[in-house]
Amino acid sequence: MSIAWWQILILTLYSGWQILDELGIWTSISQPVWAGLITGLVMGDVGAGLFIGGSMQLTVLGVGTFGGASKIDANSGTILATAFSVGIGMNPEQAIAAIAVPVASLMIQTDILGRFCNTFFAHRIDNRIEKMDYKGIERNFLFGILPWFLSRALPVFLALAFGGGMVEKIVAVLNGNLKWLGDGLSVAGAVLPAVGFAILLRYLPVKKHLPYLILGFVITALLTTVFSGLQLLGTGVAEVVENFTGNFNALPMLAIALIGFAFAMLQYKKDIELPKVIEKKESSNEGEVEDDEL
């Protein structure tokens, strides 16, 4: 299966739009998991897209930047990895390690180039401010969209339009003479989400909230066991009862997310109400007369 021209067009437009969404509207469509879902829909394999997008989302879970710092572009890496994985039949785990992560790292350079080019319009806006040219300010502000858009859309277009042959050769080599390297890349791709969790835990107040971490781990293990048992039960019922079409899912992610949300709400209420209690107590103590003052 090759990548059709209309698929290249849609993915190119989406790759340019996602950075604009991240900088402005922020609908969360600029997250890697969304990039995997949309690319999977365009390429016709949502499962592969969600696998790659979810893995890249976990990989960059603890990565953040402040101010004008650039970060790896996990979205563009997800788009290209999913497109080539589905388009040429590449193993998704290999695609993560061999395409998604390297592309995400290389796109830092295009991000810097986009920022640099945008200073041209910033200086033009400064000039229009001195002249009180409001229309010129609005016009140059909108022109600033162009460098950001092209910083993602152009590399993705070139890779999708002209990089398919090279990627096919790489896949053939990884599945042939260098199968050991391909297997290693698959293992590396599977480990990357754990690296993302490790980075996240490094910056979270784990020592302060260690009981919650232990409780979350135990609840996850218990719910996984329970839901796995339900799936086995559904399989057994399907073998016994004729025309049984029920589906028992084994992923307790929604339950875990709701439990985590409940604990977060409790902690938030505690952090909000505790200062009020302390302030009330201090104000009541101010009105008391001590024995030394009598």
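Worth pointing out:
- Any hit, region 28-46, residues being at pLDDT below 90, of a type outside the set (D, E, K, R), out of contact with any helix residue (DSSP H, G or I) (no Cβ under 7 Å at 6 or more places or on another chain) and in the same structural domain as R115 (by TED's automatic domain parsing): no
Rundown of residues vs (1) over 24 Å from the mean Cα position of the chain (by Cα); (2) closer than 19 Å to Y14 by Cβ, yes/no style:
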| position | (1), (2) |
| --- | --- |
| V86 | no, yes |
| P92 | no, no |
| I99 | no, yes |
| D111 | no, yes |
| A122 | yes, no |
| E130 | yes, no |
| G136 | yes, no |
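- Qualifying positions in region 1-38 - in a helix (DSSP H, G or I), touching a residue at least 60 places away in the same chain (Cβ under 8 Å) and not β-branched (V, I, T): Q7, L11, L13, Y14, S15, G16, W17, Q18, L20, L23
- Where a residue in region 135-160 is closer than 16 Å to L113 by Cα and its partner, wherever it lies, is basic (K, R) and part of a helix (DSSP H, G or I), with Cβ under 9 Å and at least six apart: F143/R124; P147/R115; W148/R115; S151/R115
- Subset of region 252-287 (residues that are touching a Phe, Trp or Tyr at 6+ places or on another chain (Cβ under 7 Å) and either charged (D, E, K, R) or at pLDDT below 70 (or both)): P252
The values are calculated or read from the model by the stated rules, or taken from the named source; none is laboratory data. Every value quoted in this text rests on a predicted model; they were computed, and no experiment measured them. FYI the Cβ positions are ideal-geometry reconstructions off the backbone, even for glycines, and counts take in every protein chain you see.
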